[in-house]
Amino acid sequence: MNNIYEWKPKIGIRPILDGRRRGIRESLEAKTMKMAHSLVDFLKEHIHYPDGETVECVIADTTIGGVAEANKCEEKFKKNNVTLTISVTPSWAYGSETIDMDPTRPKAIWGFNGTERPGSVYLAAALAAHNQLGIPAFGIYGEEVQDVDDHSIPVDVQKKLLLFARAGLAVGMMKDKSYLAMGTVSMGILGSHVQTDFFQKYLGMRNEFIDMTEFIRRIEQGIYDKNEFEKARKWVAENCAQGEDKNNPKNQRSEEQKQSDWNFVIKMTLIARDLMRGNPLLKEMGYEEEAEGHHALIAGFQGQRQWTDHFPNGDFMEAILNSSFDWNGLRPPIVFATENDNLNAVSMMFGHLLTNTPQLFADVRSYWSPEAVQRVCDGYQLQGLAKKGIIHLKNSGSAAIDFAGEMYSGKDPAIKSYWEITEKEISNTLADITWYPANTEYFRGGGFSSQFYTDVEMPVTMFRVNLVDGLGPVLQIAEGYTVCLPNEISKTLDDRTDPTWPTTWFVPNLTGKGVFKDVYNVMNHWGSNHASISYGHIGADLITLASMLRIPVNMHNVSSDNIFRPSAWNAFGTANLEFADYQACSNFGPLYG
């Protein structure tokens, strides 16, 4: 597999000061460069790329006191793939002469809160210049005054630096990558309809397309790694427990057909990965073009119905690619959407790039009120976080199996970056998964679906990008928790849908206001049948990222104290932040035009 993360985006650090010589500039050189290097140390300690490597930063060769030095800095950044910048200053400097003028590069300015030559004055002037020029920038200013020889980074500044850096790197990671559509629209789900202008103008991505018959060509002509197939087949036989066939006997496939299906879905997995990322081995086999891949960061597979009415479904392929490990061991998740839902793939991409963790693709299936649960579960009353109702998240396809709930951070259940996962956690996860023969009423061509129950309580965020005619993309966010129901209660509710698919019970954090006044209204206001679920409360990160891309947020339950957007957003109103976000995004337009 080719390394799509090989050419990494870097964070550019711009040390800015008052350019006046004969004492002023000279007195600021050491402090300004110390700020820059302290920032680099901080970022390297806390931020990694999706492949686990430490973030790379590029510092300007000199401090920047005027336009000539700003231009030299820009030349260096262009040569080093700098895709976001943080300017730092402890003093006044010349605003429009020193700012980062690249209109598509996310940028922030950290103005040191001191009294000798306060960076806050430059910060205000520079942000005003950015706003007047129509090049939004984020402003970072510590709440407490620091002494000039205090080189620490205050906690409130750290929080904003990380929000900006994580989101800015996500912007850089997706730029110039592809979404690979395998097939077209699935079952009339318009999220499967790829709108190329959205990808190009908002995300800086290109779109690639293949027909699903490419899988058949590669299977029949043997265009895949045969040795890896044998390795994968052995791993599946040893680690993927096949469940009881719950189909009506007249619709069951024979054991011979099921073994053939296993071979088929494993080959599908290898081929899908090769289509996305390429595979140098294919060149050795004489398939130079196929070896290149489509440079796809994310992809989706239509499946239903034209494929699944005849061939095994893509559930195994989708689940394994989205997870943090396979027969080759630990690796970064490969974001992959079922039903070619490219909008949910984009949502999953956001979550993955912000957290470096796998994502759960799910149907937002049903809302269960306490009364409804009590009625069908012999009087059982929902407890704890679930007491006000629950949302059932369930889909046969691309749920990362990491969400089986067998991984921990200390004593707490967690979804982790792949390099943090232990071999014991892999074994426990695989032991918790049952691969049931596909429901042949849905999938006439057979296949296998993973089944697990997220039976742990974890903080998670459910979110989704939707497209609205005349408005464009919007993002909705619901922070909350997975909740654990007694096994017999979960089974009773689960059996009413399909017991061969994975289940996660979700409860949003309620605010008592608007959409988040109760659980039902969160479900009732969800904009699509699908959602992406990410470990942790990452709503603030998503809001910052959305503002960089100029995607307004139409619902969220994130505290206003945690919202971090460009300075220009303040000019569109401070009393109603949602309205201001819509206005600002409309005013500045998509990041890439």
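The values are calculated or read from the model by the stated rules, or taken from the named source; none is laboratory data. All figures in this text were calculated on a predicted structure; none of them were measured in a lab. Heads up, the Cβs are rebuilt from the backbone with ideal geometry, glycines too, and the neighbour counts pull from every protein chain shown. Side chains are part of the model used for accessible areas, which takes the heavy atoms of the whole protein and leaves out ligands, DNA and RNA. Shrake-Rupley method; radii C 1.70, N 1.55, O 1.52, S 1.80 Å.
Computed quantities for the displayed model
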| item | result |
| --- | --- |
| ³J(HN,Hα) computed for each position of the range 489-498 - Karplus, 6.51 cos²θ - 1.76 cosθ + 1.60, integer Hz, glycine/proline x | 6, 4, 5, 4, 6, 5, 5, 6, 10, 9 |
| Ratio Rg/Rh, restricted to the range 464-513 and using Cα atoms, in which Rh is the Kirkwood radius | 1.15 |
| Accessible carbon and sulfur surface of the chain relative to its total accessible area, %, 1.4 Å | 47 |
| 16 Å Cα-Cα reach of residue 234 towards aspartates and glutamates, excluding residues that sit fewer than 8 places from it in its own chain | 225, 261, 326 |
| Where N is the number of residues in the range 10-174, Cα Rg divided by 2.2 N^0.38 Å | 0.95 |
| Accessible area of the chain divided out per residue, in Å², using a probe of 1.4 angstrom | 39 |
| Cα gyration tensor shape for the range 125-274, rounded if a/c is under 1.5, else prolate or oblate | prolate |
| Contour excess over end-to-end distance, with Cα ends at residue 30 and residue 67 and 0.36 nm allotted per residue | 11.3 nm |
| Degrees, to the nearest 10: 119-133 long Cα axis against longest axis of the chain | 70 |
| Note, ³J(HN,Hα) from phi for the range 322-332, Karplus 6.51, -1.76, 1.60, rounded to Hz, x at Gly and Pro | 6, 8, 8, 7, 8, 5, 8, x, 6, 6, x |
| Proximal lysines to residue 411, defined as alpha-carbon separation beneath 23 angstrom and excluding residues fewer than eight positions away on the same chain | 424 |
| Relative contact order for the chain, counting Cα pairs under 8 Å that sit 6 or more residues apart, in percent | 13 |
| Cα-Cα separations in the range 92-159 greater than 15 Å, expressed as whole percent | 52 |
| Mean Cα-pair separation over length for the range 10-174, i.e. relative contact order, pairs under 8 Å, 6 or more apart, % | 24 |
| Label-reachable residues, the range 17-33, where backbone N falls under 18 Å from a point 7 Å from residue 151's Cα toward its Cβ | 17, 26-33 |
| Residue 469-residue 210 FRET efficiency (beta carbon distance; Förster radius 25 Å; 0.05 resolution) | 0.35 |
| Too-long pairs where the Cα-Cα distance tops 32 Å, listed order kept, from 31/175; 283/394; 31/160 | 31/175; 283/394 |
| From the coordinates shown, volume of the Cα convex hull per residue in Å³ corresponds to which of (i) 134; (ii) 151; (iii) 229 | (ii) |
| Anisotropy class of the range 215-266 from Cα gyration tensor, a/c 1.5 cut | oblate |
| Prolate/oblate/rounded call for the range 406-449, Cα gyration tensor, a/c under 1.5 rounded | prolate |
| Residue-averaged 222 nm ellipticity for the chain, from DSSP H runs of 4+ at -39500 (n - 2.57), nearest 500 | -10500 deg cm²/dmol |
| In nm, spacing of pseudo-spin labels at residue 200 and residue 144 (7 Å Cα→C-beta vector) | 5.1 |
| Per-residue ³J(HN,Hα) for the range 55-69, Karplus 6.51 cos²θ - 1.76 cosθ + 1.60, θ = phi - 60°, Hz, x for Gly and Pro | 4, 9, 10, 10, 9, 3, 5, 9, 5, 10, x, x, 5, 5, 6 |
| Straight-distance crosslink candidates among aspartates and glutamates, where the alpha carbon sits under 12 Å from residue 201 and sequence neighbours closer than 8 are dropped | 176 |
| On Cα atoms only, tilt of 226-239 relative to the major axis of the chain in degrees | 70 |
| Angstrom value of the Kirkwood radius, inverse mean 1/r, which spans all Cα pairs in the range 368-493 | 17.1 |
| Under 5 Å, built H, 5+ apart or other chain: amide partners of residue 83 | 10, 12 |
| Rh by Kirkwood over Cα pairs, then Stokes-Einstein D for the range 470-593 at 0.890 mPa s and 25 °C, µm²/s | 150 |
| Helix 577-588 axis, angle to the chain major axis (alpha carbon atoms, nearest 10°) | 80 |
| Efficiency of FRET from Cβ geometry, residue 574 and residue 381, R₀ 41 Å, rounded to 0.05 | 0.45 |
| The range 178-588: antiparallel DSSP beta bridges as a percent of all, rounded to 5 | 70 |
| Label-point gap, in nm, between residue 75 and residue 101 - each point 7 angstrom along Cα→Cβ | 1.5 |
